[in-house]
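Below is one structure, written out as structure tokens, with a few remarks after it.
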Amino acid sequence: MRRAVALLAVVAAALGAAGCGLGAGEGSDDVELTVTRDFGATAMSELPPSEVQGSETVMRYLQRTFDVETRYGGGFVQSINGIAGGRVDGRPVDWFYYVNGVEADKGSTSTKIYGGDRIWWDHHDWGATMRVPAVVGSYPEPFVHGLGGKKWPTRVECVKNGDKAPCEAVSERLGDEGVIAAQSLTGTSGGTEQLRVVVGPWSAVSSDYAAQLIDEGPQASGVYARFVAGGRRLELLDERGRVVRTAGPGTGLIAATRWEDQPPTWFVTGTDAAGVEAAVQALDEATLHRRFAVAVVDGRPVALPVEAPER
């Protein structure tokens, strides 16, 4: 009962749009579909880029490819290929989906597919937080295609009086993906319709309004990591929000979150300058693929949330 009540708002949105048909239109090219479990740790299927018909929605595309069971009049995915939502070991688990790295804010029956979309369904524990508003595992999305057929402008924000090399490197990496990014100083007002990439040590960027969500923990940001000791150490959390490991100097973090209904804010940050550099080096498709967020510890990427140790 509690699970059904918690999901009522999402279900209502899906049902309200379920009866609205879309015209045939032209097809959408280069659409990718990924289905995973446990925050991307286990891949069930990854379909290569393909073309879908013009009237396709996220739900119909999923149903064409997998054995899908639904509830609430067809507006809510209960199971995919026999993996169902409910409770596992007393913990709540369900299916959630993301388009271009952004968690859906409406039902999949009413989400139209656009060219270049990367659709990602993941089955995971939501006991620590029901919402993970943005993930990094669909990079270079959402920078290339945005969301809902609307491309957002991108802005790389640099620390005032700080080393500009990390910012330049991030801009260059985005440029390699065909993304032209403006640059500004952190804290500069620039409107609410831009994708922001905040670059710099956590001690210098933690006052950012989106950074404050990360400081509040996964229940606020959806990021399973938290800086402590004035930003000099990074706590790595498991799916229940428990601290599994604390990393010190040279630790980087690439994570995304979302302030209200604004486009996501990405952070390329770390415990110090070396940590920021480690994060910059990890900003590539191969490293971020199928990961909700990534810490870089001792030069190696660590997917977040981390796996809890066996007890």
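For region 144-181, the residues whose amide N sits under 19 Å from a probe point set 7 Å from the Cα of residue 207 along the beta carbon direction are 157-164. Our analysis of region 41-106 gives Rg over Rh at 0.96, with the two radii drawn from alpha carbon positions and Rh computed by the Kirkwood formula.
State the antiparallel share, in %, of DSSP beta bridges confined to the chain, rounding to the nearest 5.
Values: 50 of 72 bridges.
Here the share of antiparallel DSSP bridges comes out near 70 percent.
The mean accessible area for residues of the chain, using a 1.4 Å probe and ignoring ligands and nucleic acids, is 43 Å² per residue. Put simply, the chain fits an ellipsoid with semi-axes of 32, 23, 16 Å; these come from the alpha carbon gyration tensor as the roots of five times its eigenvalues, largest first.
In this structure, residue 84 and residue 308 have a Cβ-Cβ separation that, at R0 = 35 Å, corresponds to a calculated FRET efficiency of about 0.95. The slack in the chain from residue 64 to residue 242, taken as 0.36 nm per residue of separation less the alpha-carbon distance, amounts to 60.3 nm.
Distance between the C-alpha centres of region 44-60 and region 104-164: 17 Å, rounded to the whole angstrom. Can you spot the lysines whose alpha carbon is less than 22 Å from residue 150's alpha carbon? Ignore those fewer than 8 places along the same chain. Candidates past the 8-residue exclusion: 106, 112.
Evaluated at 37 °C with a viscosity of 0.692 mPa s, what Stokes-Einstein diffusion coefficient in µm²/s does region 87-203 have when Rh comes from the Kirkwood expression over alpha-carbon pairs?
Values: Rh = 16.1 Å.
Rounded to a whole number, D works out at 204 µm²/s.
When only Cα pairs under 8 Å and 6 or more residues apart are kept, what is the percent relative contact order across the chain? Please report the intermediate quantities before stating the final value.
Working: 738 pairs, mean separation 48.1, N = 311.
It rounds to 15 percent for the chain.
Our helix-only sum for the chain, with -39,500 (n - 2.57) per DSSP H run of n ≥ 4 divided by its residues, gives a mean residue ellipticity at 222 nm of -5000 deg cm²/dmol. For the set 97, 209, the ranking by accessible area, highest first and with no ligand, DNA or RNA atoms included, is 209, 97 under a 1.4 Å probe.
In region 157-311, what percentage of the DSSP-assigned beta bridges are antiparallel, given to the nearest 5? Can you show the working numbers first?
Numbers: 22 of 32 bridges.
Of all bridge pairs located within region 157-311, approximately 70 percent are antiparallel.
Give the average over all directions of the projected area of the C-alpha convex hull of region 229-311, one decimal, in nm². Don't skip to the answer; put the middle values down first.
Details: hull surface 25.4 nm².
About 6.3 nm², averaged over all directions.
Relative to the current alpha-carbon distance between residue 91 and residue 160, full extension at 0.36 nm per residue lengthens the span by 20.4 nm.
Counting only protein heavy atoms, what percent of the accessible surface of the chain is carbon or sulfur at a 1.4 Å probe? Walk me through the intermediate numbers first.
Values: 6510 of 13480 Å².
The nonpolar share, carbon plus sulfur, comes to 48 percent.
In terms of overall dimensions, the C-alpha atoms belonging to region 176-296 reach 37, 29, 27 Å along their principal axes, ordered largest to smallest.
The values are calculated or read from the model by the stated rules, or taken from the named source; none is laboratory data. Just so we're clear, the structure is a prediction, and the values are computed from it rather than from any experiment. Heads up, the Cβs are rebuilt from the backbone with ideal geometry, glycines too, and the neighbour counts pull from every protein chain shown. Each accessible area value is taken on the protein alone, full model and side chains, heavy atoms only, with ligands, DNA and RNA left out. Shrake-Rupley method; radii C 1.70, N 1.55, O 1.52, S 1.80 Å.
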